Each structure stands twice: as structure tokens, then as C-alpha cells.
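To start, the structure itself, in C-alpha cells.
The values are calculated or read from the model by the stated rules, or taken from the named source; none is laboratory data. What you see is a predicted model; the values in this text were computed from it and never measured. With ideal geometry, Cβ positions are generated from the backbone for all residues, glycine too; neighbour counts draw on all protein chains shown.
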Ligand SMILES: Cc1cc2nc3c(=O)[nH]c(=O)nc-3n(C[C@H](O)[C@H](O)[C@H](O)COP(=O)(O)OP(=O)(O)OC[C@H]3O[C@@H](n4cnc5c(N)ncnc54)[C@H](O)[C@@H]3O)c2cc1C
């Protein structure tokens, strides 16, 4: 980079906080904007935990990006002295014949990832909290665990500020318009000019960019916390877990050792509607699927939830995120549509956004998620 570039970060949430950190670390002049403040719980982040894993059950092309993210998680922890991630492992369970199990095993084999395959007896001895069925496999991804989302976003944003970034809190960006060889960012109180902008508005992407040529379907996600009736969940090993099929679901033992958080997959999420008016009330019928899953696979969880929280997330049709320049304005780098699996990768996406905003290109293998020459949604 020659002259110091001025870069705006619109939306300082999961991706924006990481982008601000990576941009500031490379010497850019960074100004962030968020309609709330970093670490809030009214969007895609929140709820104490997110799963980190090294194997990928949807597409093994994510593995190099996960490895880049893995290195940056270590860097951010080292620079700040905070424990943002704990590697407790992640158990993947489900039918051997299902494509997600096959893809996970393929990504493990292709990249030599650290893992263990457990048969039913080994699983019962070591992780007695789970039930599997005939024809199921159980694979422990060992370089996996949980990330603390609120702490991560605040830590990345603070680190960016320490490195010189300014963040405008409670400041909604209304428009980003081309301005000569750069962009102008407009808020209710004024406008500012930048060489480039990283735009990471999460569930507000359709509001901020109504002409986006790809559909981002914003869904309402329910997280539910349950208390175990035995000690099995909080023994020495406390892996996160994912069940692939017939109903995709996942969960994490809470860091405080009290409860277990459960979540569902895309097909079971309702449309969120207007992100400014998210319905946070949970109807008892919404819990039926959780009760059914616990009865079948995790019978020692008490089916009366102790906490329910509602979030939002944007899904693309292919579930591949939109990463790269905005059509018609290469000074705007879009980070959107993370389709339920963006958190673990967020430092990598922040770094890639910094590459694109500062150099116009990234050395990372992002063709399959790039906005450039993208034909599928
Ligand atoms: C319940 C749930 C569980 C999940 N579990 C996992 C998991 O286990 N592992 C995993 O890897 N991923 C997981 N994900 C996905 C992951 O959390 C998301 O992909 C990620 O948080 C998306 O980040 P984002 O930056 O796009 O959105 P956000 O984190 O929501 O950030 C967007 C930010 O933009 C701000 N903003 C919006 N519009 C404007 C505007 N006009 N002006 C200024 N600011 C604006 C918002 O206030 C917000 O702070 C989960 C998601 C949910 C909801």
C-alpha cells in the first residue's frame, strides 16, 4: 500500500469488527459505523457461543479459509490476551450415507485434519449424553470448539480502535454512493468521503443495498438452552456437536457449565420480516421440534428450556456467502449472506475484505464465494 487509504466499515458486527481490525493492522485509516454498538444481540451474533470447526460438511473448499481463520483467531487472542475461543472438539453425528457426513470425511482426508472416528460403543462410553442410530457415524473434529461471540466482536473492535480506528456507535448508514475515485457514506448527521468501504450490514443488507442482484433471505433463528439431568454433559470433555440428518441440529455446552444450547437449521427458521421489528416472542409450538430431538438423541436434557433467544441471519440460495466488490462499484467490498456459518470464518473474511479494499485483490482462494462473475445466487 502506498498512500494511507481511508476505508469505511459499515456495520461493525461479526464481520465488520474483524475487517476493522485487519484494516487498522495494515495501517489504513478506518472509520466504522454501527446502528447499535459492537457486541449487541439484535442481529446475527449473541447467545454466548458459536461453533468453530476445522472440517466442513458442506464444501471442502472452505477448509483453507478455515485454516486462515484459525491462525487469525490465535493472533487476535495473542494480541489482546483474551480467550475468545476454546478448543473442546466438535462431534459430528448422522447417517454414514448422508452427503454432509461424506463431505466432512472428504475434507478431513483431503487436508489431513485431526479427528477420531467413534463407533457406537466408544461414543456411549465417552459421550454418554448422545444417542445415535443404526447406520450413523460419529466423528470427533479435534481442532474445533466454541467461540465467544460478544467478547470476540468487542475485542476485535477495541483492538481496531487501539490501532487508530474510529467507530461511530448508534449511527445508521443510509446510503453509500460513488464519489469520484471513492465513495461517500451518508448518515442522518452528515456524510464522509472514503477511498473504499467494506459493507457488512448482516440482516439489513437488503435495506441498505436494495438493488443487490442476489437474493439474501433473512431468517429468524431461535436458540434454546436446556439443563441436563445428569453429569454427562459437563465431564472432562465438553465438545460442541452437530447432527446432520434426518433433522439437522447442533448444540454447545454453555461455558458456565449450567446448560446446553440447541439450535436448528435453515429449513426450520421462519422469515424474519423487517429486521427493525424482529419478533422476539417464542410460541410454545416452536419448542416442539427441540423436545422431539432431545427425546431421540439427548434424553438427559430436561425439556423445559431455561432461556430462549431470537436472532437473525441472511441466507443466499446456495448458502455460499457474498464476498467481493459490489457490481458497478468496485470501491465497495460486500460481506453478506453468511447463511448460518460465518462466525468461525469471520477473521478470514475480515482479512480478505482488507485485501480487497486496500489492494483490489486477495491471495486467498475465494472464487467459489466471490461476487465477481457470480452466476448462481
Ligand atoms: C443463532 C445463530 C447461531 C449461529 N451459529 C453459528 C455457529 O455455531 N458457527 C458459525 O460459524 N456461525 C454461526 N452462525 C452464523 C454467524 O453468527 C453469522 O454468519 C455472522 O454472525 C454474520 O455476521 P454479519 O457481520 O454478517 O452480521 P452481524 O454480526 O449481525 O453484523 C451486522 C452489523 O451491521 C450493523 N448494521 C446493519 N445495518 C447498518 C447500517 N445501515 N448502518 C450501520 N450499521 C448497520 C448491525 O447493527 C450489526 O452490528 C449463527 C448465527 C445465528 C443467528
* All but one of (1) in a strand (DSSP E or B); (2) farther than 13 Å from residue 31 by Cα; (3) within 10 Å of the ligand (Cβ to nearest atom) hold for residue 185, so report the exception by its number. => (2)
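Do any strands (runs of 3 or more DSSP E) entirely within segment 1-58 hold 2 or more residues that are closer than 20 Å to residue 199 by Cα and within 12 Å of the ligand (Cβ to nearest atom), and if so, which?
Values: elements: 6-10, 29-33, 50-52.
Per the criteria, 6-10, 29-33.
Of the residues 239, 203, which is at negative phi, within 14 Å of the ligand (Cβ to nearest atom) and not assigned by TED's automatic domain parsing to the domain that holds residue 39?
Details: 203 fails: not assigned by TED's automatic domain parsing to the domain that holds residue 39.
Every option except 239 fails the conditions.
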* **Those residues of segment 180-203 which are closer than 19 Å to residue 360 by Cβ and modelled with pLDDT of 95 or more, in sequence order** => 182, 183, 193, 194, 195, 196, 197, 198, 199, 200
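Table: residues versus (1) in the same structural domain as residue 169 (by TED's automatic domain parsing); (2) in contact with a strand residue (DSSP E or B) (Cβ under 7 Å, 6 or more places away or on another chain); (3) at pLDDT below 95.
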| position | (1), (2), (3) |
| --- | --- |
| 16 | yes, yes, no |
| 24 | yes, yes, no |
| 28 | yes, yes, no |
| 68 | no, no, no |
| 78 | no, no, no |
| 83 | no, no, no |
| 109 | no, no, no |
| 118 | no, yes, no |
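Could you pull out the residue among 77, 67 that is without any contact (Cβ under 8 Å) to a residue 60 or more places away in the chain, within 16 Å of the ligand (Cβ to nearest atom) and either more than 15 Å from the chain's Cα centre (by Cα) or not in a loop (DSSP other than H, G, I, E, B) (or both)? Don't jump to the end; show me each part of the working.
On the way: 77 fails: within 16 Å of the ligand (Cβ to nearest atom).
Only one candidate passes the filter, namely 67.
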* Structure fact -> With criteria (1) within 16 Å of the ligand (Cβ to nearest atom); (2) buried (at least 18 other Cβ atoms within 10 Å of the Cβ); (3) more than 20 Å from the chain's Cα centre (by Cα), residue 153 comes up short on (3)
* Asked: What number goes with the only condition from (1) loosely packed, with under 13 Cβ neighbours inside 10 Å; (2) modelled with pLDDT of 95 or more; (3) out of contact with any strand residue (DSSP E or B) (no Cβ under 8 Å at 6 or more places or on another chain) that residue 296 does not pass?
  -> (1)
* **Those strands (runs of 3 or more DSSP E) lying entirely in segment 88-153 with at least 1 residues over 30 Å from residue 14 (Cα atoms), touching a helix residue (DSSP H, G or I) at 6+ places or on another chain (Cβ under 9 Å) and touching a residue at least 60 places away in the same chain (Cβ under 8 Å)** => 90-95
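Based on what the data block shows, is residue 255 outside the structural domain of residue 294 (by TED's automatic domain parsing) and either in contact with a strand residue (DSSP E or B) (Cβ under 8 Å, 6 or more places away or on another chain) or assigned to a strand (DSSP E or B) (or both)? If you could, list the steps in order and put the result at the bottom.
On the way: outside the structural domain of residue 294 (by TED's automatic domain parsing): no; either in contact with a strand residue (DSSP E or B) (Cβ under 8 Å, 6 or more places away or on another chain) or assigned to a strand (DSSP E or B) (or both): yes.
So residue 255 fails the test.
Report yes if residue 120 is surrounded by 14 or more Cβ atoms within 10 Å (Cβ to Cβ) and within 14 Å of the ligand (Cβ to nearest atom), otherwise no. Steps first, answer last, please.
Details: surrounded by 14 or more Cβ atoms within 10 Å (Cβ to Cβ): yes; within 14 Å of the ligand (Cβ to nearest atom): no.
Taking the combined requirement at face value, the residue does not satisfy it.
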* Filter result (touching a residue at least 60 places away in the same chain (Cβ under 8 Å) and either surrounded by fewer than 17 Cβ atoms within 10 Å (Cβ to Cβ) or near the ligand (Cβ under 10 Å from one of its atoms) (or both)) within segment 163-181 -> 164, 166, 168, 169, 170, 171, 172, 173, 176, 178, 181
* Structure fact -> When segment 324-346 is checked residue by residue, the ones that are away from the ligand (no atom under 11 Å from the Cβ) and either touching a strand residue (DSSP E or B) at 6+ places or on another chain (Cβ under 7 Å) or outside any strand (DSSP E or B) (or both) are 324, 325, 326, 327, 328, 329, 331, 332, 333
* To do: Mind counting the residues in segment 263-299 that are in contact with a helix residue (DSSP H, G or I) (Cβ under 9 Å, 6 or more places away or on another chain) and closer than 20 Å to residue 207 by Cα?
  => 6
* Asked: Condition test on residue 305, is it at pLDDT 95 or above, over 26 Å from residue 273 (Cα atoms) and more than 11 Å from the ligand (Cβ to nearest atom)?
  -> no
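Could you please let me know if residue 35 is touching a helix residue (DSSP H, G or I) at 6+ places or on another chain (Cβ under 8 Å) and under 17 Å from residue 348 (Cβ atoms)? Before you say what the answer is, go through the steps one by one.
On the way: touching a helix residue (DSSP H, G or I) at 6+ places or on another chain (Cβ under 8 Å): yes; under 17 Å from residue 348 (Cβ atoms): no.
Taking the combined requirement at face value, the residue does not satisfy it.
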* Residues in segment 256-280 that are away from the ligand (no atom under 13 Å from the Cβ), within 21 Å of the chain's Cα centre (by Cα) and either at positive phi or surrounded by 16 or more Cβ atoms within 10 Å (Cβ to Cβ) (or both): how many? -> 2
